[in-house]
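Working notes for the structure below.
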Amino acid sequence: MIILDNHFHVDPFKGLFLEAVKQFHRAGGTHLMVVYKTAHDYGFQGLKAEDFMKAMDFHIELVERINRETLVKAFAVVGVHPAEFVHLAEKKGLEYAKNEVMKALEYAQKLCFDGKAVAIGEIGRPHFEVSEEIWNASIELMKYGMSLAKEADCAVQLHTESFDEAKFRELGEYVREVGIKPYKVIKHFSPPLVKVAQEVGVFPSIIASRKNIEEAIKQGNRFMMETDYIDDKRRPGAVLGPKTVPRRTKAFLQNGIFTEEDVYRIHVENPEKVYGVEMEE
Ligand SMILES: [Zn+2]
């Protein structure tokens, strides 16, 4: 059985790294979307485009190590985290920060063109209060990232403030404005609003808590599952653990909340469509 965690971080400095991936595998997981953390987390400064590019290269190396040293198939997602943009703008000014982040996002696009990454992410807008000009610039950068993804025909994983129906509709407008294929825009850390997401065209990646997934599947199986595992030993329990997606999937299949068809749709057909990858090779 193929089981994907659609948003998983690894941290070779503060976390378990390969051991976390092995825990995922022992619980029955087979595929991971491994998402870039921040330049700072990877030991770079995050003060200019080159820092982000080096951090993305470092991220690609981590993903290659997972593929060499474990039985899990890992795909890379690279970008500039919205919080990194906010910090840089506060430190060096808005125009400077925007310019450097745009260059870095163009590099993320290049990694997608080269086949080293399958999506740009996580990009988007901060989940904390910022000034209006930083907020507006974050939206501009989010749209820029979406337009780069459109050009490369790759997906984009969005990080945002907590979401509701109105925000899904707002995002749907950006998707139309940019003209990217709507199913290639993934709302990471999505609430279980499967129907609304389908209506506006955005693809939800839903946090794999019992309550969320129970609600999601009542509305349909057009979603993916994630933990947003952060791999930080100093913050245990800050998010769901690495075993959660395979455990939840198997338990829900066993007790009839998921059908075999649901599992196949969520873990094979949906990611194949969104990312254009082959899940069953
Ligand atoms: Zn994340």
Handout entry: Residues of the stretch 208-231 satisfying the condition of being open to solvent by less than 20 Å² (accessible area, probe 1.4 Å) and on the phi < 0 side of the Ramachandran plot
Key = Ala208, Ile213, Ala216, Phe223, Met224, Met225, Glu226, Thr227
Exercise for the section: Could you list all residues from the stretch 103-133 that are touching a Leu at 6+ places or on another chain (Cβ under 7 Å) and farther than 17 Å from Leu171 by Cβ? Expected result: Leu105, Glu106, Gln109, Ala117, Glu133
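Of all helices (runs of 4 or more DSSP H) completely enclosed by the stretch 16-131, which ones contain at least 3 residues that are within 16 Å of the ligand (Cβ to nearest atom), open to solvent by 50 Å² or more (accessible area, probe 1.4 Å) and free of Cβ contacts under 8 Å to residues at least 12 places away in the same chain? Before the answer, list the steps.
Values: elements: 18-26, 49-69, 82-92, 94-113.
Output list is empty.
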Exercise for the section: List the number of the failed condition for Ser162; all other conditions in (1) within 16 Å of the ligand (Cβ to nearest atom); (2) buried (at least 24 other Cβ atoms within 10 Å of the Cβ); (3) small (Gly, Ala, Ser) hold. Expected result: (2)
Problem - Answer residue from the stretch 1-15, given it is touching a residue at least 40 places away in the same chain (Cβ under 8 Å) and either away from the ligand (no atom under 16 Å from the Cβ) or among the aliphatic types (A, V, I, L, M) (or both) and is surrounded by the most Cβ atoms within 10 Å (Cβ to Cβ) among those - result: Leu4
Practice task
For the stretch 199-234, enumerate the residues that are closer than 20 Å to Ala20 by Cα and assigned to a loop (DSSP other than H, G, I, E, B).
Solution key: Ala208, Ser209, Thr227, Asp228, Ile230, Asp231, Asp232, Lys233, Arg234
Exercise for the section: Count, please, the residues in the stretch 212-248 that happen to be without any contact (Cβ under 8 Å) to a residue 12 or more places away in the chain and more than 14 Å from the ligand (Cβ to nearest atom). Expected result: 3
Handout entry: Single condition Glu261 does not satisfy, out of (1) in contact (Cβ under 8 Å) with a residue 12 or more places away in the chain; (2) surrounded by 15 or more Cβ atoms within 10 Å (Cβ to Cβ); (3) more than 24 Å from Met146 (Cβ to Cβ)
Key = (2)
Practice task
With the checklist (1) open to solvent by 50 Å² or more (accessible area, probe 1.4 Å); (2) touching a Ser or Thr at 6+ places or on another chain (Cβ under 7 Å); (3) of a type outside the set (A, V, I, L, M, F, W, C) in hand, flag the one item Ser190 doesn't pass.
Solution key: (1)
Completion exercise
Ala208 passes all but one of the listed conditions (1) within 16 Å of the ligand (Cβ to nearest atom); (2) modelled with pLDDT of 95 or more; (3) under 13 Å from the mean Cα position of the chain (by Cα); the exception is number (3)
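The rows are residues; the columns are (1) in a helix (DSSP H, G or I); (2) within 16 Å of the ligand (Cβ to nearest atom); (3) under 18 Å from the mean Cα position of the chain (by Cα).
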{"site": "Glu151", "(1), (2), (3)": "yes, no, no"}
{"site": "Arg169", "(1), (2), (3)": "yes, no, no"}
{"site": "Glu177", "(1), (2), (3)": "yes, no, no"}
{"site": "His188", "(1), (2), (3)": "no, yes, yes"}
{"site": "Ala197", "(1), (2), (3)": "yes, no, yes"}
Practice task
Would you tally the residues in the stretch 238-257 being touching a Phe, Trp or Tyr at 6+ places or on another chain (Cβ under 8 Å) and either basic (Lys, Arg) or part of a loop (DSSP other than H, G, I, E, B) (or both)?
Solution key: 5
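The values are calculated or read from the model by the stated rules, or taken from the named source; none is laboratory data. No experiment lies behind these values; they were computed from the predicted model shown. A quick note on method: Cβ atoms are made from the backbone with ideal geometry, for glycine too, and the neighbour counts reach across all protein chains shown. Ligands, DNA and RNA are stripped out before the accessible areas are found, and what is left, the full protein with its side chains, is counted by its heavy atoms. Shrake-Rupley method; radii C 1.70, N 1.55, O 1.52, S 1.80 Å.
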